[in-house]
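As structure tokens, the structure follows; a few thoughts come after it.
The values are calculated or read from the model by the stated rules, or taken from the named source; none is laboratory data. Not measured: the values here are computed from a predicted model. With ideal geometry, Cβ positions are generated from the backbone for all residues, glycine too; neighbour counts draw on all protein chains shown. Just so you know, the surface numbers come from the protein's heavy atoms only, side chains and all, with ligands and any DNA or RNA stripped out. Shrake-Rupley method; radii C 1.70, N 1.55, O 1.52, S 1.80 Å.
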Amino acid sequence: MAKWNRIVSEFFRMSDPEGKNDHYAPSGASPESIVKVEAELGVEMPHELRDFYSNHDGLGLVSRGETPMPLFIRPTGQLVDFINQCRSAFRDTHPTYAERYFPFIDWYNGDSSGFILGSDGRFVDMVFTFSHELYCYEAGQDANEFIHAHAETLAELLAPG
């Protein structure tokens with residue numbers, strides 16, 4: 001099991017080495033809120049993501065003096081809307097891929113990252129990134145051109161090495 005407090009500390013150290021931002025890493029989501037999200041999505045979260053949310057209900061940097069808002073991993077209260085928003089970006093041309101995409105990371109540039117549900121009904125052991133710059137809005141485009149593997153685990157993505 002990942003040591004989320006250590007991983008989150010390393011994420012902040014690498015992302016904000018000069019300490020210019022406030023660090024957003026609230027305590028974990030309640031089991032009830034995690035179950036509610038899963039019920040709304042119709043699928044149980046991958047174990048690693050569920051474990052992360054049990055420890056921290058969101059993660060990000062906040063510019064000092066601004067209203068606290070996660071700028072990286074969306075909290076559970078925003079997750080269903082965020083997933084639907086991300087899926088809508090390519091749902092018209094790639095509906096099967098869109099419905100299997102479960103993003104939770106917002107890069108705030110049109111890109112997102114998350115897990116993908118495999119055709120066998122289990123999540124693929126990898127975090128994937130949707131790159132809006134590479135998406136051509138064409139049904140014939142190979143989804144591998146705009147959705148690519150990013151990291152083997154969430155822990156690795158947050159604190160590589």
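Structural remarks
- Residue pairs meeting the criteria (Cβ under 9 Å; at least 6 apart or on separate chains; first under 12 Å from Tyr135 (Cβ atoms), in region 77-103; second surrounded by fewer than 17 Cβ atoms within 10 Å (Cβ to Cβ) and aromatic (Phe, Trp, Tyr)): Phe90/Tyr137; Asp92/Tyr137; Thr93/Tyr137
- For the residues Phe128, Phe115, the requirement of being within 27 Å of Met14 (Cα to Cα), open to solvent by 20 Å² or more (accessible area, probe 1.4 Å) and either free of Cβ contacts under 8 Å to residues at least 12 places away in the same chain or not in a helix (DSSP H, G or I) (or both) singles out Phe128.
- If the condition is being open to solvent by 80 Å² or more (accessible area, probe 1.4 Å), farther than 22 Å from Leu79 by Cβ and free of Cβ contacts under 8 Å to residues at least 24 places away in the same chain, then region 7-33 contributes Arg13, Pro17, Glu18.
- As for region 42-56, it holds no residue that is at pLDDT 95 or above, buried (at least 20 other Cβ atoms within 10 Å of the Cβ) and of a type in the set (Lys, Arg).
- Taking the conditions (1) touching a strand residue (DSSP E or B) at 6+ places or on another chain (Cβ under 6 Å); (2) at positive phi in turn, Gly19 satisfies each one other than (1).
- Taken together, the residues in region 20-41 that are part of a loop (DSSP other than H, G, I, E, B) and either modelled with pLDDT under 95 or among the hydrophobic types (A, V, I, L, M, F, W, C) (or both) amount to 4.
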